[in-house]
Each structure stands twice: as structure tokens, then as C-alpha cells.
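Scroll down for the structure; my scribbles are underneath it.
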Amino acid sequence: MSPRAALALAASAGALAAVLGAARAADPPTPVYAQGAATFQANCAVCHGAAGAGVPALAPPLLSYPAHYAASKEGRRQLAMTVLYGLFGDILVDDKHYDFRMPDFARLDDATLAATLNFIVFDLGHAAAGVRPMEPGEIAAERALVVDGAAVREHRKNVAF
């Protein structure tokens with residue numbers, strides 16, 4: 001191979017490495033709550049989007065308020081109630097109205113729901129330092145109460161954001 005051809009090949013290889021490096025840098029980080037990520041993708045992403053950014057006129061984004069809710073007792077209750085019993089009716093998120101019917105996910109066990117909420121709160125929502133992960137026991141405590149999606153929405157009105 002001539003020196004010129006070798007130089008061109010090296011330059012092409014360098015360009016390919018740069019492109020591959022940029023592609024790797026654009027890959028999303030590995031979630032801390034991998035089980036929760038899998039459950040989210042299987043159950044929630046169809047409405048909220050794969051990255052939790054929401055779908056206009058369908059379902060709100062999950063990138064801010066769940067992380068804020070996880071910082072307070074009533075907010076944590078709201079998160080657990082929402083995944084257990086669903087939520088329906090008009091809500092306001094990021095100054096946009098959503099009038100939808102989120103199904104309940106009570107068929108999933110407490111540990112799975114806690115992991116899913118932790119994925120939403122920490123991996124998608126980047127909760128502040130000091131926010132503790134949701135525990136299966138918190139889900140179990142709310143499971144013991146039987147409410148419907150309308151009651152979940154009413155409780156949400158009283159949760160400070």
C-alpha cells in the first residue's frame with residue numbers, strides 16, 4: 001500500500017472512530033433502576049413516551065413532578081396511589097391540561113411498582129439529593145386502601161408541588 005493510500009485509510013478510520021464515539025456519547029445512560037425501566041417501557045411508555053417526555057393531548061411528561069412528589073410524604077402517597085389505582089380527569093402539568101384516563105397497575109407487585117416509580121423519579125426525573133427511593137412497603141400501605149382514579153386526582157390537588 002502506498003503511503004498516500006495508508007494515510008487516507010488512517011484518516012477514514014479516524015473519522016469512523018469519531019462517528020462511533022459520538023454515537024456512543026449520545027446513547028442514554030444505563031438506568032440505575034433497570035427493572036423499573038423494563039416495566040416502564042412495557043407498561044407506561046406507550047402513553048408517556050419512551051423517555052417520559054409525555055405525548056401531547058394524551059399523557060403528561062414525567063420529567064419533573066414525580067421527582068418533586070417523591071420529596072414529601074403526601075407526594076409519595078400520590079405516586080403510589082397513581083400507579084395502583086390510575087388517574088382520570090383534568091390535571092395541569094407544566095401549564096398544559098391533560099384530560100386522560102390512566103389505567104391502574106395494581107396487577108403488578110409492590111416491589112415492581114416501587115422500582116418503576118424509582119426509575120421515573122431518579123432515572124427520568126433526576127430527583128434532588130436527599131430524596132429517598134420508594135419502598136415496596138409504601139406501595140403496600142396504599143394498596144390496603146381502596147380508591148378510584150377520581151379520588152387519586154382529588155388527592156393530587158392537595159399535594160404541594
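What follows is calculated from the coordinates using simple rules that are stated; it is not laboratory data. Worth saying up front: this structure is predicted, and the values here are computed from it rather than measured. Every residue, glycine among them, receives a Cβ derived from its backbone with ideal geometry; neighbour counts consider all protein chains shown.
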Neighbour counts of other C-beta atoms within 10 Å: give me Ile120, Ile91 arranged from fewest to most.
Ile91, Ile120
If you add up the charges near Ala106, with Lys and Arg at +1 and Asp and Glu at -1, over every other residue whose beta carbon is less than 14 angstrom from its beta carbon, what do you get?
-3
Using alpha carbons only, how many angstrom separate the centre of segment 45-69 from the centre of segment 117-161?
14 Å
Starting with the fewest neighbours, write out Val131, Val93, Val152 ranked by other beta-carbon atoms found within 10 Å of each beta-carbon.
Val93, Val131, Val152
Site Arg107, offset 7 angstrom along Cα→Cβ, radius 19 Å on amide nitrogen, limited to segment 38-61, gives 38-48
